[in-house]
Amino acid sequence: MTVEELLPLLTRPSRYLGSEHNAIKKEWQSVSFRAVLAFPDLYEIGMSHHGLQILYHLINRHDDFLAERVYTPDQDLEKLLRQKNEPLFALESGRPVQSFDMLGITLPYELCYTNILTILDLSAIPFYSIDRDDSHPLVIGGGPCAFNPEPVADFFDAILLGDGEEAVISIAQTIQSAKKDGLSRQATLSKLALITGVYVPSFFVAEYSSGRFTGVTPLKEGCERVRRAVLPAFEKDSFYAKPLVPLSRIVHDRLGIELARGCTRGCRFCQAGIIYRPVRERRPEDILEIARQGIRNGGFDELALLSLSTGDYSCLTPLLVDLMNNFVDQRVSVSMPSMRVGTLTPEIMEQIKRVRKSGFTIAPEAGSDRLRKIINKGITEEDLLETVKTAFSLGWKNIKLYFMVGLPFETQEDIDAIPELVRKAKAVGGKNGTSISVSVGVFVPKPHTPFQWSEQLGMAEGFAILDSIKRNLPKGAQLKWNSPKTSYLEGVFARGDRRLSAVIEKAWRLGARLDGWSETFNLALWQKAAAELAIDFDSYLLARDVDAPLPWQHLSAGLDDHFFKDELAKAGQQSYTPDCRVHGCQKCGLCDFKTVKPVIYNSDSYVAAVPPPIDSADAENDQLSYNYWFSYERLGKASLLGHLEVLQLVFRALRRAEIPVRFSQGYNPTPKVSFSPALSVGTQSYAEYFVVQTFKPIKDLDACKVRLNVELPEGIVVNTIWLGAKTIPDKVETVYRVTTPGHLDQNRVSEFLAAEDFFIEVVRKGKQRRINARPAFTELIIDGEGSLLMTMESEISKAALKPLEVAGNLFELTTAQLAGSKLVKLAYRMI
């Protein structure tokens with residue numbers, strides 16, 4: 001069964017089409033190294049991940065390399081692949097994952113671990129590296145969880161610690177060379193282990209005594225400890241100025257640009273602040289050029305400036321002015337997902353709101369100044385309230401505050417301070433329709449942080465604290481929380497050891513899937529798996545002796561070991577460690593100040609440019625309006641897109657084709673584009689249209705059609721464009737062709753046409769309804785090829801009957817026959 005035959009049977013087939021704008025498709029035989037990059041979660045999470053896109057473009061820009069993608073299939077595709085005995089496939093080519101030289105799997109989050117097994121199993125790749133042979137791809141991991149990959153280490157041939165930009169090319173070259181030389185799997189791993197940052201788990205043995213972890217022993221000389229790879233500085237050229245543009249709505253549906261990597265604030269709970277050191281900023285001129293290219297080639301309406309602490313970027317204010325001057329007329333907003341209290345200046349806020357006010361999140365982390373000193377947050381209650389006051393004064397109506405509970409040295413007073421701080425923040429907003437949203441999560445101690453030895457709250461304690469906060473929040477404040485159940489499991493695996501791989505496999509075989517999603521998370525399965533294997537989950541949450549061996553001790557983030565102990569002692573003393581970017585080196589041990597060192601730009605050297613005057617011919621004129629009709633066909637894979645997905649991709653294609661679309665006014669400006677009625681997923685059509693309102697005339701309609709067709713995905717083709725009426729007629733006559741494996745009886749057609757009424761049972765919004773279908777049809781014909789031609793009249797403003805519903809009732813087709821039927825929209829006529 002081909003991929004094309006599988007996809008129509010799925011709930012959301014657009015996840016697996018592989019025809020995203022800017023997707024790279026190379027000839028298989030034209031390259032000698034082939035990688036498939038896997039993100040162990042659903043498409044909408046994986047397509048939001050910035051790191052995978054970087055590696056995808058980096059590998060593909062080498063002529064002799066190929067990179068494709070795969071994401072964890074949802075449960076409907078997993079079930080279907082098993083039923084049909086078909087392998088998991090890469091999106092771009094549809095080839096089996098097993099046919100690639102390397103399967104690169106991102107390790108973003110501990111609750112993705114069972115998804116790794118789903119990918120391996122559906123690809124017919126053995127779970128454990130020891131069971132693989134030269135016919136299998138090398139399975140290589142990387143990402144945040146690589147800094148303690150021990151719970152999944154036995155599943156991987158190799159794991160990369162640290163920055164991937166340089167290392168992934170070295171890995172590719174090594175595998176390519178080994179393949180050419182006919183080296184064995186073991187010999188190839190020996191060569192990979194020589195690359196900085198590459199950890200080969202089979203070269204190390206975890207040891208235990210009486211069920212207790214006692215250490216890790218290296219088996220290979222020269223590989224005693226693996227130190228992470230560090231990218232010295234960002235490249236000048238942009239390898240992601242042609243971003244992958246998703247076909248369906250994803251979690252972070254925007255153009256992301258990494259302003260800087262690393263953070264030197266030194267929050268003691270934060271693993272990212274350790275594993276991404278030192279701070280390396282990207283040149284502001286490069287960021288501006290990447291943004292221009294990315295928006296032009298992507299068509300997004302939002303640009304996100306990414307960093308662990310975006311507000312610390314040295315040239316942020318002038319850069320933001322430049323970005324807004326470039327994009328405000330295109331209705332492209334700028335968001336900064338990670339802003340620190342104290343870095344949000346009124347000047348920055350004024351720039352953000354020029355197009356639309358994006359979400360506004362502040363992370364106090366703790367309720368009291370005392371606990372914020374312990375965690376080295378470096379902000380006070382006064383700082384926080386001043387930021388809230390400024391945001392409300394500039395027009396934001398809702399602010400989200402994020403807190404953690406269960407931090408080391410926390411007391412009941414610190415917990416009580418959370419609702420009290422929310423109360424003060426709400427008071428700052430007054431009674432002008434402002435609101436506060438509160439998000440609370442249980443703190444999970446992470447490896448390679450000063451709090452890596454700390455105890456984690458148990459589930460019962462976590463729920464009790466959340467209940468306490470909820471009871472004491474002021475009226476009108478909304479509370480959301482991460483379940484202590486998921487935090488519990490995350491905590492087990494965050495500081496776990498190799499014994500947990502058997503638990504992961506057991507839980508997966510019991511049915512654990514997509515554990516990061518509340519709809520599918522089932523802690524009972526994990527507890528059952530642990531019990532059957534005599535693994536005590538609770539023991540992984542206990543405090544640890546600072547001198548005891550740790551499962552990740554053979555993996556180095558690059559910092560001196562004493563730094564973590566010193567920072568833990570300073571936490572107990574409420575002593576502050578300042579930011580090394582402005583207060584000098586704090587002697588963490590990472591930088592050699594030759595290759596590895598902070599890269600920071602002087603803000604005085606970058607001045608925002610004065611925007612050029614707007615040409616009156618290009619300016620949007622409220623008095624002028626033109627309505628262009630675009631008639632298009634939607635065939636093949638494109639028929640598997642949902643209606644909202646088509647809307648989104650058309651909006652972005654119009655932006656890329658530089659069509660002067662008029663936007664609505666108000667808080668959230670949207671393109672003024674109207675579409676033909678929604679088609680059922682899987683329906684092919686030669687007769688679709690959309691109407692675009694522009695603020696100036698399109699001079700050359702043929703050239704416009706050519707430009708737009710270049711920007712549309714495979715299967716969607718604009719055939720004609722014309723200047724037409726502003727309003728869309730309410731009634732339309734549509735011709736459909738139904739081809740079905742069921743029997744089409746001419747007598748039934750004659751009876752239908754002769755009858756005044758023909759009632760069918762349909763489901764609308766979850767409710768059974770009885771509808772008279774006869775008035776909607778003006779013609780019904782069985783043609784010479786045995787297909788049914790249906791001519792229907794319908795009102796555009798009302799939900800139309802579905803042709804297959806009527807055909808199914810008329811000819812008493814079975815569910816299987818309906819599933820095997822094909823529907824094509826042939827023509828439409830406005831009435």
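Can you tell me which residue within segment 23-33, out of those that are open to solvent by 30 Å² or more (accessible area, probe 1.4 Å) and in contact with a helix residue (DSSP H, G or I) (Cβ under 8 Å, 6 or more places away or on another chain), is nearest to residue 716 (Cα to Cα)? The selected residue is 24. Within segment 660-707, the set of residues being modelled with pLDDT of 95 or more, in contact with a Gly (Cβ under 9 Å, 6 or more places away or on another chain) and part of a loop (DSSP other than H, G, I, E, B) is empty.
Residue 85 passes every criterion in (1) surrounded by fewer than 20 Cβ atoms within 10 Å (Cβ to Cβ); (2) closer than 26 Å to residue 242 by Cβ apart from (2). Scanning segment 286-306 turns up no residue that is under 18 Å from residue 582 (Cα atoms), touching a residue at least 24 places away in the same chain (Cβ under 8 Å) and open to solvent by 10 Å² or more (accessible area, probe 1.4 Å). Among residues of segment 642-655 being touching a Lys or Arg at 6+ places or on another chain (Cβ under 8 Å) and open to solvent by less than 20 Å² (accessible area, probe 1.4 Å), the one that is nearest to residue 717 (Cα to Cα) is 646. The listed residues are 343, 361, and the only one of them that is under 28 Å from residue 598 (Cα atoms), out of contact with any helix residue (DSSP H, G or I) (no Cβ under 9 Å at 6 or more places or on another chain) and at pLDDT below 95 turns out to be 361.
Scanning segment 787-820 for residues that are closer than 9 Å to residue 738 by Cβ and surrounded by fewer than 20 Cβ atoms within 10 Å (Cβ to Cβ) turns up 787, 789.
In this entry, residue 231 passes the filter for residues that are farther than 21 Å from residue 587 by Cβ, outside any helix (DSSP H, G or I) and at pLDDT 95 or above.
All conditions in (1) of a type in the set (A, V, I, L, M, F, W, C); (2) over 32 Å from the mean Cα position of the chain (by Cα); (3) in a helix (DSSP H, G or I) hold for residue 153, with the sole exception of (2).
Picking from residues in segment 544-573 that are outside any loop (DSSP other than H, G, I, E, B), surrounded by fewer than 20 Cβ atoms within 10 Å (Cβ to Cβ) and acidic (Asp, Glu), the one that is nearest to the chain's Cα centre (by Cα) is 561. Being β-branched (Val, Ile, Thr), part of a helix (DSSP H, G or I) and in contact with an Asp or Glu (Cβ under 6 Å, 6 or more places away or on another chain) holds for only one residue in 169, 175, and it is 175.
For segment 193-215, the count of residues that are of a type outside the set (A, V, I, L, M) and over 27 Å from residue 540 (Cβ atoms) is at least one.
Considering only residues in segment 175-218 that are without any contact (Cβ under 8 Å) to a residue 24 or more places away in the chain and in contact with a Ser or Thr (Cβ under 7 Å, 6 or more places away or on another chain), the one that is least open to solvent (accessible area, probe 1.4 Å) turns out to be 178. Those residues that are open to solvent by 10 Å² or more (accessible area, probe 1.4 Å) and out of contact with any Pro (no Cβ under 8 Å at 6 or more places or on another chain), I need them from segment 111-133; list them, please. Scanning segment 111-133 gives 121, 126, 127, 128, 130, 131, 133. The C-beta contact set for segment 674-697 (first residue touching a residue at least 40 places away in the same chain (Cβ under 8 Å), second residue open to solvent by 50 Å² or more (accessible area, probe 1.4 Å) and part of a strand (DSSP E or B), distance under 6 angstrom, 6+ apart or interchain) comprises 686/826; 687/828; 691/674; 694/626; 697/626.
The values are calculated or read from the model by the stated rules, or taken from the named source; none is laboratory data. Just so it is clear, the structure is predicted and the values come from calculations on it, not from any experiment. Neighbour counts are summed over all protein chains in view; Cβ atoms, including those assigned to glycine, are modelled from backbone coordinates with ideal geometry. For accessibility, only protein heavy atoms count, side chains too; no ligands or nucleic acids. Shrake-Rupley method; radii C 1.70, N 1.55, O 1.52, S 1.80 Å.
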